[in-house]
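Nothing in this text is a laboratory measurement; each read-out follows from the coordinates by a stated rule. This one's a predicted model, so the numbers in the text were calculated from it and none came from an experiment. When we count neighbours, we look across all protein chains shown, and the Cβ atoms used for this are built from the backbone with ideal geometry, even at glycine.
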Amino acid sequence: VQLVESGGGLVQAGGSLRLSCVASGFRFEDYYIGWFRQAPGKEREFVAAISWSGGSTYYAGSVKGRFAISRDNAKNTVYLQMNSLKPEDTAGYYCAAKFGSTSYIQHVYDYWGQGTQVTVSS
C-alpha cells in the first residue's frame, strides 16, 4: 500500500498550487481520501476530504472557498487545488485513505502518505 504526494513548493501569498496524491496497493475506489496538514509546532489538522465517487466533498472552514478537492479513480489520484494561498497555509500536507466513510479525525484513517511541503511567503 502506498500513497505518494507531490506538487508542494514555495509560492507567494495569493498564489496557487495543485497537490496530487497517487495511490497503489489497495482498491482505491472503495476509499474516502482526506488531506491533512501539519505546521511546525502544531498538531495535524483536517483540510479536506472526498467520497469514493467524488460526489461529496468536505472542507475545513479555514480553506473553504479557496481549496478544491477532486479525484480521478481511473488514475488512482486525488488532487487538492489550493488558490489564494496565505502564509498560514504553510505546512506539510498529507493525504490519507479511509475505507467506507469519511472523517475529520486523523487516527481513523487506514493509510497515509509521507507528505509534501507547502511554503507560502508573505
### Query
Cross-link partners among aspartates and glutamates for LYS42, C-alpha distance below 18 Å, same-chain residues fewer than 8 apart left out?
GLU88, ASP89
### Query
Which order, highest average first, do 95-101, 81-87 follow once you tally other Cβ atoms within 10 Å for each residue and take the mean per peptide?
95-101, 81-87
### Query
List the aspartates and glutamates whose alpha-carbon lies under 15 Å from that of LYS98, not counting same-chain residues fewer than 8 positions away?
GLU29, ASP30, ASP110
#### Entry: Packing-based order for 33-43, 52-62, using average beta carbon neighbours within 10 Å, highest first
33-43, 52-62
#### Entry: Size descriptor, Kirkwood hydrodynamic radius, that averages inverse alpha-carbon separations across the chain, Å
14.1 Å
### Query
Hey, what do the phi angles of segment 11-16 turn into as Karplus ³J(HN,Hα) couplings, whole Hz, using 6.51/-1.76/1.60 and θ = phi - 60°, x for Gly and Pro?
9, 7, 3, x, x, 9
### Cα-based Rg of segment 10-62 normalised by 2.2 N^0.38 Å, two decimals
1.36
### Whole-angstrom gap from segment 73-122 to segment 1-65, using each part's C-alpha centre
2 Å
### Message
Run the reach check for LYS86 against lysines, Cα to Cα strictly under 16 Å, same-chain hits fewer than 8 apart removed. What comes back?
### Response
LYS64
